[in-house]
Every structure is written in C-alpha cells, then in structure tokens.
1. Please report, ordered by residue number, the helices (runs of 4 or more DSSP H) entirely within region 316-420 with at least 3 residues that are open to solvent by 40 Å² or more (accessible area, probe 1.4 Å) and within 30 Å of G277 (Cβ to Cβ).
2. What are the pairs, 6+ residues apart or on separate chains, where a residue within region 331-344 that is farther than 17 Å from M288 by Cα and free of Cβ contacts under 8 Å to residues at least 60 places away in the same chain has its Cβ under 6 Å from a residue that is in a helix (DSSP H, G or I) and among the hydroxyl-bearing types (S, T, Y)?
3. Looking at region 281-291, can you tell me whether even one residue there is of a type in the set (K, R), over 26 Å from A208 (Cβ atoms) and open to solvent by 10 Å² or more (accessible area, probe 1.4 Å)?
4. For the structure I just gave you, tell me whether T282 is under 17 Å from T103 (Cα atoms), part of a helix (DSSP H, G or I) and not aliphatic (A, V, I, L, M).
5. Looking only at region 310-333, count how many residues are touching a helix residue (DSSP H, G or I) at 6+ places or on another chain (Cβ under 6 Å) and over 15 Å from S116 (Cβ atoms).
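The values are calculated or read from the model by the stated rules, or taken from the named source; none is laboratory data. Note that the structure is predicted; figures quoted are calculated from it, not measured. Positions of Cβ are backbone-derived with ideal geometry, glycine not excepted, and every protein chain shown enters the neighbour counts. Each accessible area value is taken on the protein alone, full model and side chains, heavy atoms only, with ligands, DNA and RNA left out. Shrake-Rupley method; radii C 1.70, N 1.55, O 1.52, S 1.80 Å.
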Amino acid sequence: MSQPQDAAPRPPATDRGNAAPRRQSAQGTRLPAIKGPTTTAKHKKPGNGSREEGLLTNKDLNAIKGFIICNQNIPFQHRRGAIQKFIPDTPFKKPKQPCDNVTGLQLSPLMPLESSIDVPIRFEPPTEFYSPTLVDPRSTATPVQQLFSFMKRSVNPAVSSAAFDSPERGSRKGTGARSGFKSLDPKDYMLRALTCRRANQRKQEAIAYFNTAAIHYSSSDFDKAVELLLKNVAVLEQLADKVGLALAHNLLGVCNHRLEKYKTAIHHYKKQEALCGYYGRTVAQINMGVAYSALEEKAFAVQALLDAVDNCRMTQDMCIESIALGNLGLAYLRNGNLRGAQENLEACMELCSLSGDEAGASVCLLLLGEVFSLVKDHKRAQFYYANALRVSTEGGVKDVQQVARVSLGISRGNDKYSGKCMSLANEMKLHPQKPVQSLQRQHTRHSVGNIEVIDEIPQQDCKQIDV
C-alpha cells in the first residue's frame, strides 16, 4: 500500500532500535516521539482548510462550557460579563450591529406588532450597565391596563420589571430560576447608589441611579424616573461621560414626552443631539419631529424630520431610515403636502417590505389610502386599503386590520355615491328641464258673521277676486 503524501518517511530497519519510543495516548492515538530525528513532513499553512482556521480549540470549548454552567440559573442582569466575551468569533461570525459612531449606543428593540411612527424611540442601555429590561408602554393598551400595571408596582414595589416582560422580549418565566432568588427592588439600587457614593465610585453611583429609573419607567411611573435620571445626569456631568449623558438625556426626553411636557422633551433631545454622531442625531431629530407635531408646530416638525432623513442615510441602517421616512410622510400629510406625503410613505413601505416589517408596511398602506381619499381618488384609495387589510391580516396586526376594513367600506361607499352623482349630472345635461317658479301668495281678509277669516290665494288667481 502506498503511504500518504504528507506522511514522514519511515526510518530504515537498522535504525529502528536507536529511534526514540513513541507514546500512546489514553484513547490509543499515536503521539509524536519525545526525542528523535526531525522529520521532513510538510505542515499545512493556515488558510487552506487547516484545523487552526474555523474550528474551536479545547480551551474555547471549556470556556463556553464553564460560562453556561455558571450562568444557566442566574438572570441576565446578574451574569458575569457579556456572552460575546466568552464565545470566540470563529466559527460564529456575528454581523456588526448598527450603532452610533461616537457613543456606541444602539436603538432599542421595537415592540412586536406595533409601529414606531409618531412615537418617541429610545436607546438600549449598554451591557456593562447590567440594567433591568426597559418595557415601553404599549400604544394599544387601554387606560385600564396602563392603570393596572401602575397599581401593581404601587402595591408591591418589589415586583421585578421582568413581570411586565412580554414573551417576545425574552421573559424568563418558567426557565428554572435559582431557588431563593428575590426579584429586583428599587430600594436595593438606591442602597447601592448610597454605598458607591460613600466609596467615591461615582460611575457606579450613576449606573445605580439609571437602573432605578429603568424600573420606574417600566412601571409607567415617569415622574419618579425623571427625578432619578436628573441625579444620574448631575453625576455624569462631573465625570464628562458622553455615553451615559446621551443615554440619560434620551430617556429623559422620552419620559417627558410621555408626561406631555413636550418643550422639556425637546430640550433634552437637543442635548442628546450635541453628544452623538449620525446615528444618535437621527434618533434625537426623529423624537424632536414627533414632539413638534404634538405641539402643532408643523413647519418645525417637517424641518427636524428632514434633517433626520439626511443623517440616517449616512448610517446606512434600514430600520432607522424607515422610521424617519414614515414620520416625515405623516408630517407632510398633516401639513397638507400630499405629494411629499406620498413619496415618503411609499419609500418607507418599500423599506418595511424588504426588512419583513408587516406592521410598518400595513401602517404605510393605510396612510397612503388616506392620501388618495383626500384627493377624491377612491379607486386608488380602495387599492391601498385592501392591501393594508391583507398585510395586517397576514401579520396579525389587529388594530390596523380593523381600521383598514372600516376605511375600505367607507371608500367603496364614497365611490358609489360619487358615481351616482356624476350619472345624475350627465342626465341633467342631456335632458334639461324648465325651472319651477314658486307661486307668490296674497293674503285676503273677509268676515263670516262675527269671525274675520284670512285666506292665502295664489298670485295667478288674484285678478279674478275683487276685495
């Protein structure tokens, strides 16, 4: 049998006794000799499918196994470091997430089955903050549901923010949490902030303030969240921490927007804009446009959203660009610029279709139907309403589905009514009729016995009566 091409040549039979003995591994695999003459085997270079490229070593596998064992029963906020620090890049090539080029902040995950048009958007806290999950108030929730979520935190302040998590946001309910583990309490974070201040650890003190504000934000207690975030900003300004300041001003603006203090929200958005790059400026300008729209400042809203569109195209992020275009189209629609509304909403719908965002695409189709309804083009309006109903039904967006069904029925009724009016007008042009003259009345008085009677007689009969 022929030897492998890369195998080393065997020593002659006369020299076998002088060669160093070979070791045997535990599994029976033959290992290289400890001593002996050097072989002339050719080793493969990296890059030609060798073991060094694209495969995990035993050290990497042991590190991953140790991370899983240590953290499988511990909640995310108490884990030791981020998971990407323990798992190597190869062969798990993770794509680079779009973020701000100055602060490194990313946009928070959007709520499932909800549109981000005409609502403020916020940043996701960095992993080193170990923050509780921030839960935005759902725009489809009724006031009773919002009040119930607030009362749950008021009655039992030790309720964790994970209790308000939806399954789409990674709720850990039923995952076998560690026995005896208590849920998060804002008092624990306040105690941590006091301890860090006494130890002169100002950065950890600011993070503790932010995490306490995150718990109150998730329970819709925005007043308390604003109070704690202002303490966070006061500490971070002394440290000149751009990342923390941009994150705090962003969440301060969102909280004030929820409290309908739009001018204060715009003030914080402008401070955030000055601290960030293209990505962060886009987020701040979108939020400013939404706040100006709430203040009925339509011209300022359009200008802020135009700046947002210009900046988001520098980031090359499809998600944030679709949000900016959708808000700009809605601002043009409110301002009466139907041409601009149509162009931006169609561009937003195209981006949502490419990214698979059925909620955003259905909202854009619904607004496009409204645009053509305003110009009395009911045929095109029916086309967009019907597609909005189809897309929302496929995506399970029930609120858009109900509005699209009603709008489609109204558009069909308007189309039939306008068609009947046009046919009646054409018939009147073909068969003109004489105008009907109104009869003028004349009053006559005469007495019957002791009673005076007043009669109304048409003008054509007046000549025959002599009073």
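1. In region 316-420, the matching helices (runs of 4 or more DSSP H) lie at 318-335, 338-355.
2. G340/Y332; A341/Y332
3. Yes, region 281-291 contains a residue that is of a type in the set (K, R), over 26 Å from A208 (Cβ atoms) and open to solvent by 10 Å² or more (accessible area, probe 1.4 Å).
4. Spelling it out, T282 is indeed under 17 Å from T103 (Cα atoms), part of a helix (DSSP H, G or I) and not aliphatic (A, V, I, L, M).
5. Adding up the residues that qualify gives 5.
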